[in-house]
There are 2 protein chains.
Amino acid sequence: MTYSDKLINYYETVARECVLGLSLDCVIFGFHDTRLKVLLVRWRGTKEWCLPGGFIYKTESVDAAAGRVLYERTGLTQLFLQQFHLFGDAVRYDVENTWQRQKMPMPFGSGTWPSRTISMGYYALVDYTKVTPTADFLSDECDWFDVFELPSLLYDHRQIINVALKTLRLQLNWQPIGLNLMPEKFTIPELQRLYEAVLGRPLDARNFHKKISSLSILTRLNERRTGGAHKSPYLYQFDLTNYQKALVNGNLIFV
Amino acid sequence: MTYSDKLINYYETVARECVLGLSLDCVIFGFHDTRLKVLLVRWRGTKEWCLPGGFIYKTESVDAAAGRVLYERTGLTQLFLQQFHLFGDAVRYDVENTWQRQKMPMPFGSGTWPSRTISMGYYALVDYTKVTPTADFLSDECDWFDVFELPSLLYDHRQIINVALKTLRLQLNWQPIGLNLMPEKFTIPELQRLYEAVLGRPLDARNFHKKISSLSILTRLNERRTGGAHKSPYLYQFDLTNYQKALVNGNLIFV
């Protein structure tokens, strides 16, 4: 079976077994080397990138479908995974142009599938070091990109990432963003880099340290980060009880 | 044409002209007489209540459809209207039991409409005094209910209201909840009642006054609320610039 045949076969199966006209797109955020990253897939046989996504089986909940897609692309279960926006514009993108860029053998909406697809946006926060980016048969490659240095994206996926990032910023003070994006142990300057990466602007180191200390959300370990040019800083981990309390109180605000 | 024929006709039109398998439900919040209210409709010929809702025309954005439903039930345009959750469980409620309670002439999913409907939840904040609750041909009545004294509800609409209320509480410090639910002029105790109604618990009057004053989000008018048993309190309105600033800073927190 040629790839083109497989593709037609795949979409026929989707149209038969999945909820019609509804898809989901996942914005998977990671944090690495002081930068906020997002996981993308490269459409097979092209140079076009897009978000990992998929369809919902007729007997599957939409949330479960999102969990499945994330597991398939990252190898992780029990991810921090949230709905953030339904992308429901009547015309979301130039469909014909998109098919051409994807080198699709047939127009997607030509069979039983409706010409319009509404997409539920999810965002996930993952520990970058634990992810094994994994392509599927629709894609040649799955890789991380700096959220501020994205390639050309298919569909309306750039807008979807923008809305996800805006949501992340709004939720920074009452969702466990730090807990889910940081590795288990980290230094205070490393945590500051995360907040700066999400907010897209520098924070004052002294104020950051003061604010974090006043909330008692970190426990200092008897270990230091070694190997840097400077004096080895202590490693910390989150104090889950106090961290949760700070989130409930909406106290993790850095303005 | 009998009502039963009209109903069948209506759903045939929906299946032909609307996005298949997707609906929307609107939780419309108002504030009246110190209580948080939600707008419900009573299903025609029954004692069963549910949320106002509807379907999305094939050429209409989902957000526009929500605005249309709200306009039809309240007479208001330019409402504060937000997506809050996609209700996408594979089985959302007992379909057969629901048809019977609705006294429907036919099972809804028997034609071209799929047996499963996924629903996008929106919440709206309205000035109670400006709403004219309006029933449609599917309902005998449209009326306000205290959010803590709801009648028996069709579908999974009690859960939808619970999730909407939880969202409202989470967003109290960074969405213009007060601005949209309060009338133009109000006293500080009246504003306190709103926060108490949303949070479902009393707040300390002195701390509330102190917090509100420290944010400079209110302008005192040269008018007083008269007719009460006590000394006539001053009326206030929001200072939009400072209110917006407080929201951006996430400062409207009453813990």
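The values are calculated or read from the model by the stated rules, or taken from the named source; none is laboratory data. This structure is a prediction, so every number in the text was calculated from the model and none was measured. Glycine also receives a Cβ, built like all others from the backbone with ideal geometry; neighbour counts cover every protein chain displayed. What goes into the accessible areas is simple: the full protein's heavy atoms, side chains included, and nothing from ligands, DNA or RNA. Shrake-Rupley method; radii C 1.70, N 1.55, O 1.52, S 1.80 Å.
If the condition is being touching a strand residue (DSSP E or B) at 6+ places or on another chain (Cβ under 7 Å), of a type in the set (S, T, N, Q) and in contact (Cβ under 8 Å) with a residue 12 or more places away in the chain, then the range A:215-240 contributes A:THR219, A:GLN237. Selection of first residues in the range B:35-62 that are over 30 Å from B:ARG193 (Cβ atoms) and of second residues that are surrounded by fewer than 19 Cβ atoms within 10 Å (Cβ to Cβ) and among the charged types (D, E, K, R), restricted to Cβ pairs under 6 Å at least 6 apart or on distinct chains, gives the following pairs, ordered by first then second residue: B:ARG44/B:ASP140; B:GLY45/B:LYS103; B:THR46/B:LYS103; B:GLU48/B:ARG101; B:TYR57/B:GLU17; B:SER61/A:ASP89. If the requirement is being within 30 Å of B:VAL163 (Cα to Cα) and open to solvent by 60 Å² or more (accessible area, probe 1.4 Å), which of these qualifies: B:LYS185, B:LYS231, B:LYS210? Answer to the check: B:LYS185. Of the listed requirements (1) touching a residue at least 24 places away in the same chain (Cβ under 8 Å); (2) open to solvent by 50 Å² or more (accessible area, probe 1.4 Å); (3) away from every other protein chain (no Cβ under 12 Å), A:VAL95 misses just one: (1).
From the list B:LYS47, B:LYS6, the lone residue that is assigned to a loop (DSSP other than H, G, I, E, B) and open to solvent by 60 Å² or more (accessible area, probe 1.4 Å) is B:LYS47. Determine whether B:ARG193 is in contact with a strand residue (DSSP E or B) (Cβ under 9 Å, 6 or more places away or on another chain), open to solvent by 40 Å² or more (accessible area, probe 1.4 Å) and not small (Gly, Ala, Ser). Taking the combined requirement at face value, the residue satisfies it. Residues to consider are A:LEU24, A:LEU36, A:LEU20; find the one that is farther than 18 Å from B:MET120 by Cα and either within 14 Å of another protein chain (Cβ to nearest Cβ) or open to solvent by less than 10 Å² (accessible area, probe 1.4 Å) (or both). Only one candidate passes the filter, namely A:LEU36. Cβ-Cβ distances below 6 Å connect the following pairs, each with a first residue in the range A:126-138 that is among the charged types (D, E, K, R), a second residue that is open to solvent by 40 Å² or more (accessible area, probe 1.4 Å), and a separation of six or more residues or different chains: A:ASP127/A:PRO183.
Of everything in the range B:69-92 that is part of a loop (DSSP other than H, G, I, E, B) and surrounded by 14 or more Cβ atoms within 10 Å (Cβ to Cβ), the residue that is farthest from the other protein chains (Cβ to nearest Cβ) is B:LEU76.
Starting from residues that are open to solvent by 10 Å² or more (accessible area, probe 1.4 Å) and touching a Cys at 6+ places or on another chain (Cβ under 8 Å), keep the ones in the range B:55-68 and report whichever is farthest from the other protein chains (Cβ to nearest Cβ). Checking each candidate, the answer is B:PHE55.
The lone criterion from (1) open to solvent by less than 30 Å² (accessible area, probe 1.4 Å); (2) touching a Ser or Thr at 6+ places or on another chain (Cβ under 9 Å) left unmet by A:LEU125 is number (2). Only strands (runs of 3 or more DSSP E) whose full extent lies in the range B:115-228 are considered here, and the ones with at least 3 residues that are farther than 25 Å from B:ASN242 by Cα are B:118-125, B:139-146.
Quick check: is even one residue across the range B:204-214 away from chain A (no Cβ under 14 Å), without any contact (Cβ under 8 Å) to a residue 12 or more places away in the chain and within 14 Å of the chain's Cα centre (by Cα)? So far as the range B:204-214 goes, no, none of its residues is away from chain A (no Cβ under 14 Å), without any contact (Cβ under 8 Å) to a residue 12 or more places away in the chain and within 14 Å of the chain's Cα centre (by Cα).
Entry remark, the range B:73-96: residues being farther than 21 Å from A:SER61 by Cα and out of contact with any strand residue (DSSP E or B) (no Cβ under 8 Å at 6 or more places or on another chain) number 4 in total.
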